[in-house]
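S.K.: Got a structure here, written out as structure tokens. Questions coming.
The values are calculated or read from the model by the stated rules, or taken from the named source; none is laboratory data. Just so you know, these numbers come straight off a predicted model, no measurement behind them. Counting neighbours? That spans all protein chains shown, and the Cβs are built from the backbone with ideal geometry, glycine included.
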Ligand SMILES: NC(=O)NCCC[C@H](N)C(=O)O
């Protein structure tokens, strides 16, 4: 049976040293970060997701942003190779976790680079950002991995944000939402709706009409309510200070057909 599984990874002791590219470095409160992370995980569970913790990588400040370690399409996990070298040691335990869930494994190989945050799936369309973390060879390898499985891969160059999903994600009906100052060419997306807050561009589809989103985008939450959705705001301020958003704190596996023997 297809099920809702999510990989998560608790924040480590070095979170404050996490990378920042487009932001000024602000102090992070580790206790608050842990509390926010626990709340985020609880929201997933409350909406029927089974969460699996990837083993901590406490030497890796950015390990909590587990989304960047892989892209899962159908039963295949394509292990990423981050454009940020300091993030590559996050991979081994993420690989083990994906294997334990029964994913078939593939991996981006040098000279390819790819961060999971650059990949937005909308149905069978896989948008892949080509930017500071994902290079053309990474895009080529993602295409080679997923097109044979039925994906339509669309490359989206970007220069203004860390990852494609820093700028755009998608609503349950497939409408791509984005904060226009960060979206270079909205015409790439067949249906596009602008939002007025940067953090409003990020949603995790919890199932049905429920949208997990950052508490820092209240005006966008009201817009989603008017559109008939049910926003579930979570405060992720400590992760936003390290350029994270709601998507990057989990890897959602929606299409995985579980082997009951592995539970
Ligand atoms: N998918 C994501 O949005 N990941 C956020 C990663 C933030 C981390 N500080 C980084 O720069 O890699």
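One line per residue, one yes/no per condition, for (1) part of a strand (DSSP E or B); (2) crowded, with 21+ Cβ neighbours inside 10 Å; (3) away from the ligand (no atom under 12 Å from the Cβ):
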residue	(1), (2), (3)
93	no, no, yes
98	no, yes, yes
105	yes, no, yes
117	no, yes, no
142	no, yes, yes
161	no, yes, no
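S.K.: Does residue 181 satisfy the criteria of being away from the ligand (no atom under 16 Å from the Cβ), assigned to a loop (DSSP other than H, G, I, E, B) and more than 18 Å from the chain's Cα centre (by Cα)? Outline the logic, then answer.
M.R.: Numbers: away from the ligand (no atom under 16 Å from the Cβ): yes; assigned to a loop (DSSP other than H, G, I, E, B): no; more than 18 Å from the chain's Cα centre (by Cα): yes.
When the stated conditions are applied, residue 181 does not pass them.
S.K.: Further, regarding this structure: Which one of the conditions (1) surrounded by fewer than 23 Cβ atoms within 10 Å (Cβ to Cβ); (2) within 16 Å of the ligand (Cβ to nearest atom) does residue 68 fail to meet, given that it meets all the rest?
M.R.: Here residue 68 meets the rest and fails (1).
S.K.: Turning to a different aspect of this structure: Checking residue 28 against (1) within 24 Å of residue 232 (Cα to Cα); (2) out of contact with any helix residue (DSSP H, G or I) (no Cβ under 6 Å at 6 or more places or on another chain); (3) buried (at least 17 other Cβ atoms within 10 Å of the Cβ), only one condition comes out false. Which one?
M.R.: Here residue 28 clears every test but (2).
S.K.: Right, another one. Select from the stretch 144-159 the residues that are touching a strand residue (DSSP E or B) at 6+ places or on another chain (Cβ under 8 Å), assigned to a loop (DSSP other than H, G, I, E, B) and more than 14 Å from the ligand (Cβ to nearest atom) and list them in ascending order.
M.R.: 151
S.K.: Could you identify the single residue in 205, 196, 211 that is crowded, with 24+ Cβ neighbours inside 10 Å, away from the ligand (no atom under 15 Å from the Cβ) and under 24 Å from residue 222 (Cα atoms)?
M.R.: So the residue among 205, 196, 211 that is crowded, with 24+ Cβ neighbours inside 10 Å, away from the ligand (no atom under 15 Å from the Cβ) and under 24 Å from residue 222 (Cα atoms) is 211.
S.K.: Picking from 80, 63, which residue would you name as being within 13 Å of the ligand (Cβ to nearest atom), farther than 25 Å from residue 149 by Cβ and modelled with pLDDT of 95 or more?
M.R.: Residue meeting the stated conditions: 63.
S.K.: Continuing with this model, one more query. Restricting to the stretch 1-31, name every residue that is part of a loop (DSSP other than H, G, I, E, B), touching a strand residue (DSSP E or B) at 6+ places or on another chain (Cβ under 8 Å) and within 15 Å of the ligand (Cβ to nearest atom).
M.R.: Answer for the stretch 1-31, where residues must be part of a loop (DSSP other than H, G, I, E, B), touching a strand residue (DSSP E or B) at 6+ places or on another chain (Cβ under 8 Å) and within 15 Å of the ligand (Cβ to nearest atom): just 9.
S.K.: Residue 88: part of a loop (DSSP other than H, G, I, E, B) and within 16 Å of the ligand (Cβ to nearest atom), yes or no?
M.R.: When the stated conditions are applied, residue 88 does not pass them.
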